[in-house]
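The next block holds one structure in the form of structure tokens; read it before the comments.
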Amino acid sequence: MKKRKFNFSGVVAFIAALLVLVIAVPINIIANYFDKNIDMTPGGMYSLSDTTTQLVEENKDKQIEIYFMYDMEELRDTSELLPLYHTLMQLSEYDNISLSSTLPDESPELVNKLDPNGTIGISDGDIVVKCGDTIKRVLAGSVFQYENNKISSYSGEELIAGAIRIVTNGKLPVIYFLTGHGEKTINDNYATFAEILKSTNNYVAEELDLSKAEKVPDDTAIVFLAGPQTDITDDEKEKLMEFAGDGGAIAFFMAPTDSDVIFTNIEDILEQYEIEMQYNVVEESNPEYILNNNEGESDPRILRVDYPQVTEEYTVDLTTAINSLISSEGLVGGISNSRTFTFFDADSEFIEKTSIIDNMSTINSITGEYSYTAQSVPFGGNKDTAEKAESLSGQLLSMGCYSFNKQTGSKIIAIGTTDVLDSEAITLSCAVSQQLVQNSLIWLFNSDYEMNIGSKISSYDYMSFDNADHAENVMKIFTIVPFCLAAVGVIVWLKRRHS
């Protein structure tokens, strides 16, 4: 007769379910009653790291205020947002940290206190950290990272700890505006932009005469070269190249200059990043793409622009957020009084470069070909540069670009105008390009203090089985063996008790 094989799967499943009821449920009830949580995640998603606790302890003599611009109860009740909830709640347990939560629309007085000039732009979900007069905002969209519409990692603790480090230090990174080449000053034309840098991006703007300095200062976040009328010196070029070689960041705002000055040294630096500067100014010939000045008059040198979408071949994305803003708010991107840039054909494995501001195109519905109506008008320079400028008309023109040296870590942006910085020249239609500049500064130098906590990833332990029999055998081992060991222990204990 064939021997009948007994199937343990039902018994095993029953025992496993019983274990959950007998052990897990009471433990959860007790933990919930006493409001206790045990972080069992591999990355410590729900616990403060030693780095954060040490940071708070080091600053226990300073009063830190944290404002969460959202509803804490809703945060607590949304399971996928619990890591942020526990971070905030554990921080609030320290005597020197006060935590409050509210929606911006419900507390206009608080928003006005934190952002009196309206330059920060506090939004729902933002976290504002304050110590004394120094304020740091953590953007709501940076706390969690998403993949396939699901949260893939949590960076909230890293960003909040970095913000605490910044506000307790009381010193913000510095953007130096170079002087000595006929540039406009911070106190005059760039004052408003300098205030935006401080309140929104947490930078301090100062002026620097590099010809009188031994080198670019150590506290430099970004060097701004904004609207020079003359070229930098050989010595200044060497200092800037040394700064860039150490991973520094430079922002070139090269407005057109109506003179025969050739910016040889500036062009030498740009060439290291495979960028060529043109001696021209862009004028739009299509009335549909011409925008108005502040007096409401149309000006062909104020034109509508496109912010090209990022493709998979690039690691840097400076335009997606801008295009989302344009789409959601119904805005129009524009730029005024701008020269253009082209790229050298050199294909270095270390240099990544592309345009971030282009002229508008028109597509032929029959041929599918694109055409461009913006004109490249020679402006300044000499005969050779004029011929090059004229040859670019009717083509795709770049009025802003970035370049990234992956080997040294140095970064630059090159914008063909200073109007995006100039409080007297900026127009409503060009405000989007100014926002693009602000976003680019975050890439040039991340003002978030690196705490080396990193993003915490949602990860789960799992087991792989070859087949159903393999799974059943494992279930037997992990269920029956512990019971057998427990039974042996009970028997030994009973024998010793009655011996």
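The values are calculated or read from the model by the stated rules, or taken from the named source; none is laboratory data. Computed from a predicted model, the values in this text were never measured in an experiment. Because the Cβ atoms are built from the backbone with ideal geometry, glycine has one as well, and the counts that use them run over all protein chains shown. Surface accessibility is based on the protein's heavy atoms, side chains included, excluding ligands, DNA and RNA. Shrake-Rupley method; radii C 1.70, N 1.55, O 1.52, S 1.80 Å.
Any chance you could run the full-extension gain for Glu267 through Asp50? It's 0.36 nm times the residue separation minus the Cα-Cα distance, nm to one decimal. Show your work: numbers first, answer last.
Values: separation 217, 0.36 × 217 = 78.12 nm, distance 4.77 nm.
Length gained, Glu267 through Asp50: 73.4 nm.
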Revision key, fill the gap. For Ser79, the accessible surface traced by a 1.4 Å probe with all protein chains present amounts, in square angstrom to the nearest 10, to 90 Å²
Review point. With all pairs of different alpha carbon atoms counted, what Kirkwood hydrodynamic radius in Å does region 194-293 show?
Key: 15.8 Å
Review point. What are the radius of gyration and Dmax of region 221-360, computed over its Cα atoms and given in Å?
Key: 16.9, 47
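Scan region 111-163 for trypsin sites (Lys or Arg not before Pro) in coil per DSSP, keeping those whose Cβ has at most 14 other Cβ atoms within 10 Å, and list them by number. If you can, show how the numbers build up before the last one.
Numbers: sites: Lys113, Lys130, Lys136, Arg137, Lys150; in loops: none.
Hits after loop and neighbour filter: nothing returned.
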Check your understanding: Taking a probe of 1.4 angstrom, what is the accessible area of Lys411 in Å², to the nearest 10?
Key -> 40 Å²
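Ignoring ligands, DNA and RNA, what percent of the accessible area of region 104-146 is carbon or sulfur (1.4 Å)? Could you put the intermediate results ahead of the total?
Numbers: 1000 of 2180 Å².
After summing per-atom areas, the C and S share lands at 46 percent.
With the full set of protein chains in place, find how many percent of the accessible area of region 171-307 is carbon and sulfur; take the probe as 1.4 Å.
Working: 2300 of 5700 Å².
After summing per-atom areas, the C and S share lands at 40 percent.
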Review point. Given H placed 1.01 Å from N in the peptide plane, which residues other than close sequence neighbours of Ser285 have an amide H under 5 Å from its amide H?
Key: Ala374, Gln375
Point to revise | Two-decimal log10 I(q)/I(0) for region 288-345, as the Debye equation yields it once each C-alpha is a single scatterer, q = 0.19, 0.25 Å⁻¹ | key: -0.87, -1.09
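Using the heavy atoms of the protein chains alone and a 1.4 angstrom probe, what is the accessible area of region 137-224 per residue in square angstrom?
Working: 3710 Å² over 88 residues.
Result: 42 Å² of accessible area for each residue.
Given a 1.4 Å probe and heavy atoms of the protein chains only, how would you sort His470, His181, His86, largest accessible area at the top? It would help to have the intermediate numbers written out before the result.
Numbers: His470 65, His181 5, His86 30 Å².
Sorted descending by solvent-accessible area, the residues read His470, His86, His181.
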Point to revise | region 129-219: radius of gyration and largest Cα-Cα distance (Dmax), Å | key: 17.3, 53
Exercise for review: Could you work out how far the C-alpha centroid of region 117-177 sits from that of region 392-443, in angstrom?
Suggested key: 23 Å
Practice item. Could you pull out the chymotrypsin sites (Phe, Trp or Tyr not before Pro) across region 64-136 that fall in loop regions by DSSP (anything but H, G, I, E, B) with no more than 12 other Cβ atoms inside 10 Å? Key: none
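What number comes out for accessible area per residue over region 302-376 if the probe is 1.4 Å? Units Å², please.
Numbers: 4040 Å² over 75 residues.
With all protein chains present, region 302-376 gives 54 Å² per residue.
With a cut-off of at most 14 other beta carbons within 10 Å, and DSSP calling the residue loop, which GluC sites (Glu not before Pro) in region 204-273 qualify? Please list them.
Details: sites: Glu206, Glu207, Glu214, Glu236, Glu238, Glu242, Glu267, Glu271; in loops: Glu214.
Within region 204-273, the qualifying GluC sites (Glu not before Pro) (loop, at most 14 other Cβ atoms within 10 Å) are Glu214.
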Point to revise | Dipole magnitude (debye, nearest 20) for region 65-132, charges at Cβ of Lys, Arg, Asp, Glu | key: 300 debye
Check your understanding: In whole Hz, what ³J(HN,Hα) sequence does region 404-415 give by Karplus (6.51, -1.76, 1.60; θ = phi - 60°), x for Gly and Pro?
Key -> 10, 8, 5, 7, 9, x, 6, 9, 9, 10, 10, 10
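Ordering Thr52, Thr78, Thr264 by accessible area with a probe of 1.4 Å, largest first, what comes out?
On the way: Thr52 5, Thr78 40, Thr264 70 Å².
Accessible-area ranking of Thr52, Thr78, Thr264, largest first: Thr264, Thr78, Thr52.
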**Study point:** Label-point separation in nm, Asp246 to Arg496, each point 7 Å along Cα→Cβ
**Key:** 6.8 nm
Check your understanding: Calculated FRET efficiency, Thr230 and Ser391, Cβ-Cβ r, R0 22 Å, to nearest 0.05?
Key -> 0.25
Exercise for review: Run the 1.4 Å probe and let me know the accessible area of Met360, rounded to the nearest 10 Å².
Suggested key: 30 Å²
